[in-house]
Amino acid sequence: MRAHQARELAGLARGLLRWQPAAGAAVLGMAVVLRAPDQIWKEAVWSLRVMALLLALGAVFALDDAAADVVAAVPLPLSWRTGLRVAAALLWTLPGWTAALLVAGPYLSGEGVLWSTLELAALLACGVALAAFLAGRGVAEPGVLAAPGLAVCWLGLYAQPAPLALFTLREQDWLAAHLRWAVVLGLALAALVALSRDPALRR
């Protein structure tokens, strides 16, 4: 029964979910990645970091809904409805990130590609969790607030003291930095799961 309802919601969502910001972010991000065909590995790392931020900013709009009352009336738990939106955001993100890796990936080691993808996953989880929090507080278009909030947090990471730095270009520091990224990803996913529970169950 729920699978049938989920398919109906997925069909309905095609006309409701905001995919335009994600498409625009992917195009803008590819312009950044392609700006220097002869880029060295440091430039490749930073171009992928900018691409990851732009893709995450586009993905947070997946929780906006031009017809929220229609979707809310679907007899599915909040977790299912949120999960479908998150899945849509991932589907929008993957082609852009794959294209970016095809261009910038050859300048990086396999480890660099893995770490860059971890940064993308953490940013996506943080952005969607922030949008889910705002949606749960009755904000009709949470992406409008979540996107600048995520951008400010991303810029704030540069103020991290060296022992807690998440951005580094020293390959010997990448493992420690990305263990911290993994912690951020885990916390964001836990928050998203908690925010996706129906309010009655939370109480």
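Here are a few things to note about the model shown:
- Residues of the stretch 105-119 that are modelled with pLDDT under 85 and either of a type in the set (Asp, Glu) or assigned to a helix (DSSP H, G or I) (or both): 105, 106, 107, 110, 111, 112.
- Screening the candidates 190, 132, 151, 122 for the property of being surrounded by 21 or more Cβ atoms within 10 Å (Cβ to Cβ) and at pLDDT 90 or above yields one hit, 122.
- The stretch 105-121 - residue that is within 22 Å of residue 57 (Cα to Cα) and hydroxyl-bearing (Ser, Thr, Tyr) and, of those, nearest to the chain's Cα centre (by Cα): 117
- Boolean, residue 111 is surrounded by 13 or more Cβ atoms within 10 Å (Cβ to Cβ) and out of contact with any Pro (no Cβ under 6 Å at 6 or more places or on another chain): no
- Which numbered condition residue 184 fails, given (1) open to solvent by less than 40 Å² (accessible area, probe 1.4 Å); (2) at pLDDT 90 or above: (1)
- All helices (runs of 4 or more DSSP H) inside the stretch 2-87 with 3 or more residues being at pLDDT 80 or above and out of contact with any Cys (no Cβ under 6 Å at 6 or more places or on another chain): 41-59
- So residue 80, is it farther than 17 Å from residue 150 by Cβ, in contact (Cβ under 8 Å) with a residue 40 or more places away in the chain and buried (at least 19 other Cβ atoms within 10 Å of the Cβ): no
The values are calculated or read from the model by the stated rules, or taken from the named source; none is laboratory data. Predicted model only: the values in this text are computed from it and were never measured. All Cβ positions, glycine included, derive from the backbone under ideal geometry; neighbour counts span all protein chains shown. Accessible surface is based on the protein model in full, side chains and every heavy atom, while ligands, DNA and RNA are left aside. Shrake-Rupley method; radii C 1.70, N 1.55, O 1.52, S 1.80 Å.
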